[in-house]
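Below: one structure, written as structure tokens.
A short reminder: the numbers here are calculations on the coordinates, not readings from a lab. Note that the structure is a prediction, hence the values are computed from the model and not measured. All Cβ positions, glycine included, derive from the backbone under ideal geometry; neighbour counts span all protein chains shown.
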Amino acid sequence: MNIETRKIEFVQAFLNLQSEELISQFEKLLKKNKQSEKELKPFTVEELHERIAKSEDDFENGRFKTTEELLSKYGL
């Protein structure tokens, strides 16, 4: 099933809802999702290169934790 078909089926089901509480929950979910999308923005290529360079510098200068250190820190 493609995304367009799923959207149409969802809208049809939504239009048949009779519960005001359930509709309110969907409205809150949609509003929260829109806010999250505004807060998240992808990195630019330049930002990614800067992060890679910093990570490599940190590693070369011993500023890192091993997998074992992280697992023991969080009790895993």
Checklist line | In Hz, Karplus ³J(HN,Hα) per residue of segment 50-61 (6.51, -1.76, 1.60; θ = phi - 60°; x = Gly, Pro) | finding: 4, 5, 5, 4, 5, 4, 5, 5, 4, 5, 4, 9
Next item on the list: In nm, give the distance between the simple-model label positions of Glu37 and Glu4, each being 7 Å from the Cα along the Cα-to-Cβ direction.
Entry: 1.9 nm
Check: Residues with beta-carbon under 15 Å from that of Ala53, excluding Ala53: net charge, scoring Lys, Arg +1 and Asp, Glu -1?
Finding: -4
Next item on the list: Towards the positive end of the charge dipole of segment 18-75, with charges on Cβ (+1 Lys, Arg; -1 Asp, Glu), say which of Val45, Ile23, Ser55 has the farthest Cα.
Entry: Ile23
Margin query: For Lys28, give me every one of the aspartates and glutamates with a C-alpha distance below 18 angstrom, ignoring sequence neighbours fewer than eight places off in its own chain.
Written below: Glu20, Glu37, Glu39
Checklist line | Unit Cα scatterers, Debye sum, the chain: log10 I(q)/I(0) for q = 0.11, 0.13, 0.17 Å⁻¹ | finding: -0.68, -0.77, -0.86
Margin query: Placing unit charges on C-beta atoms (Lys and Arg positive, Asp and Glu negative, everything else neutral), compute the dipole magnitude of the chain about its Cα centre in debye, rounded to 20.
Written below: 320 debye
Next item on the list: Please label the shape of segment 34-76 as rounded, prolate or oblate, based on the square roots a ≥ b ≥ c of the eigenvalues of the alpha-carbon gyration tensor (a/c under 1.5 means rounded; beyond that, a/b larger than b/c means prolate, else oblate).
Entry: oblate
Check: Cα to Cα, under 30 Å, and not fewer than 8 places away if on the same chain: which lysines meet these conditions relative to Lys54?
Finding: Lys38, Lys41, Lys65, Lys73
